[in-house]
Amino acid sequence: MAELDLKELGLRAINSKLNMLDAATKERDWVITNTMGQHAIACGLQGPLNVQINGHVGFYCGGMNKEAEITINGHAGVGVAENMMSGLVRVKGNASQSAGATGHGGLLVIEGDASSRCGISMKGIDIVVGGSVGHMSAFMAQLGQLVVCGDAGEALGDSIYEAKLYVRGNVASLGADCIEKEMKPDHLAELAELLLQAENDADPKDFRRYGSARKLYNFDVDHADAY
């Protein structure tokens, strides 16, 4: 792996170098050191790169990722993998608020815990959390799958659309229009595949599924208090 020292080169230089690599380059493997908790590391990558980040990172690390595989060997700040399009972002530690926010595709794996609003407004991204998630996770989640191997905080899936939520532990409370749903064989198969991709050995049979009751899709005065 080619090493990029963030303290020596600076954030802008490193992000520019990774974003300007020719599509045909054989320089696929990179390691970023001396992260110092800086924000926006490895943002906007648009090729099949393998980027190892050694250390804790600040806000929006791996944001807008497309095709790259990014591993954060530490904890991540707010909005890790925000607006991700494809590829893989893996956090070896914990993640702060809004992990995977508005993500359109790809896979975000958080091996530790995630804070509040994990998967907020997700639009197709898949997220696997090895630990627990905080309150308002999957708020207004439209598409994709959120897998929580631990517990979920209050108001899980509030105002959810068609995203699928799988939780192995306890759920403090469900948000507006979110209900528990039957776990069918096709859901078990989808969940098993996601856990395999995330390299998580949890048993799909231990999870419960949650999703939209579809009562808030159109305004109904009888449900006015729920909006």
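Couple of notes before you dig in:
- Some residue of segment 82-94 being over 19 Å from LEU194 (Cα atoms) and under 9 Å from the mean Cα position of the chain (by Cα): yes
- The listed residue being hydrophobic (A, V, I, L, M, F, W, C) and surrounded by fewer than 22 Cβ atoms within 10 Å (Cβ to Cβ), out of ALA76, ALA40: ALA40
- Within segment 130-147, the set of residues being without any contact (Cβ under 8 Å) to a residue 24 or more places away in the chain and either surrounded by fewer than 21 Cβ atoms within 10 Å (Cβ to Cβ) or within 14 Å of LEU195 (Cα to Cα) (or both) comprises MET140, GLN142, LEU143.
- No other residue among THR25, THR35 is touching a strand residue (DSSP E or B) at 6+ places or on another chain (Cβ under 8 Å), of a type in the set (Ser, Thr, Tyr) and in a loop (DSSP other than H, G, I, E, B) apart from THR35.
- Against the numbered list (1) of a type in the set (Gly, Ala, Ser); (2) surrounded by fewer than 24 Cβ atoms within 10 Å (Cβ to Cβ); (3) closer than 26 Å to GLU67 by Cβ; (4) out of contact with any helix residue (DSSP H, G or I) (no Cβ under 6 Å at 6 or more places or on another chain), SER159 comes up short only at (3).
- Among the residues of segment 1-32, those identified as β-branched (Val, Ile, Thr) and either under 19 Å from GLY100 (Cα atoms) or buried (at least 16 other Cβ atoms within 10 Å of the Cβ) (or both) are ILE14, VAL31, ILE32.
Since every read-out is calculated from the coordinates, none of them should be taken as a lab result. Keep in mind that what you see is a predicted model, and the values were worked out from it rather than measured. Here the Cβ is made from the backbone with ideal geometry for all residues, glycine too, and neighbour counts use every protein chain on show.
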